[in-house]
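Take a look at the structure set out below.
Derivation of every value follows stated rules applied to the coordinates shown; laboratory data play no part. Keep in mind it's a predicted model, so treat the numbers as computed, not measured. When we count neighbours, we look across all protein chains shown, and the Cβ atoms used for this are built from the backbone with ideal geometry, even at glycine.
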Amino acid sequence: MHTRRRTTLLTASLVLALGAGPLAAPAFASPAPSAPVCGAAPSDKALCEAIEGLPDGSTTAALVRLSGTEGSWQGSSGVRDLVSGRAADPDARFRAGSTTKVVTAAAVLRLAARGEVDLDASIERYLPGLLGPEFKKPVTIRNLLNHTSGIQPGVSWGDTFEEQYAHRYDTLAPRRVVQSAVAKGPAFTAGDQQQYLNINYTILGMLIEKVTGRPYASEATRLVLRPAGMEHTYFPGADPRIRGPHHRGYQAVPRPDGTTRLVDVTEWNVADRWAAGDMISTTADLERLVTALFGGQIVPEPQLREMFTVPTDIKGAAYSAGLTRWEHEGTVYWLKTGARPGYSTAIAATEDLSRTLVYALTDTDAKDTTPNPVAERIKRAALG
């Protein structure tokens, strides 16, 4: 998707595009910012301040959960939607984006622990004929897990928001994405570089289906969601809706005159993201995921070690199996972010679970490369 610099919007002049598409844009008076709903203890003050003043130009709602050896904290701010102005729902579902990869990686590693998958084996052992003759060196399961495969990205609905929005109800099959990716040949020899791409986890979804003989969604649920107690998380497939209580998501779209309108992007078919990013979840469920996973309740040793291992022979490598190594003020966190139009989320935790952070934002430019200011405030308050 085409990225754009985050646009500053005046809350009093927010405009919403409803109905048929981007051209329908009736103006309305946006809800006034309300006080966050959060703990009253003095230690909670910084986190409460981090999410106050919503909705604003970057974020219409924020949900945050912090836990660890110093206790737990939960807060919410903003609104469920800009039309009704109802207060944000702490239990709302949202598009979790690439945090799906944590579940996919955990499912593959569970299969490896059972002896059903060899991480050092070529993907061709399980999916014969997947890669063409241009791939001289075998691409292993581990290469896919830590983004060192060299496989290029596949076809998409376009590079700009406008192109992708026009296809938001259309289905782009994951296998078509994979076919178009491998047809390009490798970008580099497997194991030589690290490049974060969805295609690696789309292929891992195919691997899970081939090994188990069952659909990815059912196996990810059986192997990961159910053991973690994630009862409010699911995989929508080609269904563009978000089932159950949820917040409306919006995308800021600049006008030629320099003003900005907001387009409702809540309904969106994300079938092409599949095992790489189509999960719908809650902050409570994502907290359960990281706690159960890091606690060894889902993936046993030594396979769990893959999630805390970054390739040492690749300069600048930061990705492990499903996670990213991130050092902040001397502490190493293992995190995963996710972004779909209208929604951005993140999970971060120390390996020993002395501190875990989960947040979900209804982000008006979730695919922007400029950090969301609310997310930055949350990180400073929670991890500083």
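Computed quantities for the displayed model
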quantity	calculated
Between region 46-89 and region 135-178, the Cα center-to-center distance that results, in Å	33
Cα Rg, Dmax (largest Cα-Cα span) when computed across region 291-376, Å	14.2, 41
Aspartates and glutamates with Cα under 19 Å of Lys210, excluding same-chain neighbours fewer than 8 positions away	Glu116, Asp118, Asp120, Glu124, Glu219, Asp272
Semi-axis lengths, Å, region 11-383, gyration tensor of Cα atoms, sqrt of 5 times eigenvalues	34, 25, 18
Virtual spin-label span in nm between Val83 and Glu327, 7 Å along Cα→Cβ	5.0
Distance from region 227-298 to region 300-326 (C-alpha centre basis), Å	25
Computed E for Ala173/Glu351 - FRET, C-beta separation, R0 30 angstrom, nearest 0.05	0.20
Highest-fluctuation residue, Ala187, Ala106, Ala284 considered, GNM on the chain with Cα pairs under 10 Å	Ala187
Other-chain or far-sequence residues with amide H under 5 Å of Met279's (modelled H)	Ala96, Gly97, Thr100
Backbone N under 17 Å from the Asp120 label point (7 Å along Cα→Cβ), restricted to region 170-209	191
Interchain or long-range residues, amide H under 5 Å from His246's placed H	Arg93
Region 221-227 - phi-based ³J(HN,Hα) in whole Hz, Karplus 6.51/-1.76/1.60, Gly and Pro as x	5, 5, 7, 10, 4, 5, x
Under the Debye formula (equal points on every Cα, no solvent term), log10 I(q)/I(0) of region 230-384 at q = 0.17 Å⁻¹	-1.14
Sites Asp239 and Lys210, calculated FRET efficiency, Cβ-Cβ separation with R0 22 Å, nearest 0.05	0.35
Peptides 217-225, 302-310, 121-129 ordered by average Cβ neighbours within 10 Å, highest first	217-225, 302-310, 121-129
Most to least packed among 94-102, 340-348, 375-383, 250-258 [average Cβ atoms within 10 Å]	94-102, 340-348, 375-383, 250-258
For region 50-95: Kirkwood Rh in Å [reciprocal of mean 1/r, alpha carbons]	11.4
Estimated vicinal HN-Hα couplings, Hz - region 163-179 in sequence order (Karplus 6.51, -1.76, 1.60; Gly, Pro = x)	5, 6, 4, 5, 10, 5, 9, 8, 9, 10, 5, x, 5, 5, 4, 5, 4
Under Karplus coefficients 6.51, -1.76 and 1.60, residue-wise ³J(HN,Hα) of region 60-66 in Hz, glycine/proline x	9, 7, 9, 10, 9, 9, 10
Helical mean residue ellipticity (222 nm; -39500 (n - 2.57) per DSSP H run of 4+; nearest 500) of the chain	-6500 deg cm²/dmol
Amide H contacts of Ala87 (H built 1.01 Å from N, under 5 Å, at least 5 apart or other chain)	Arg80
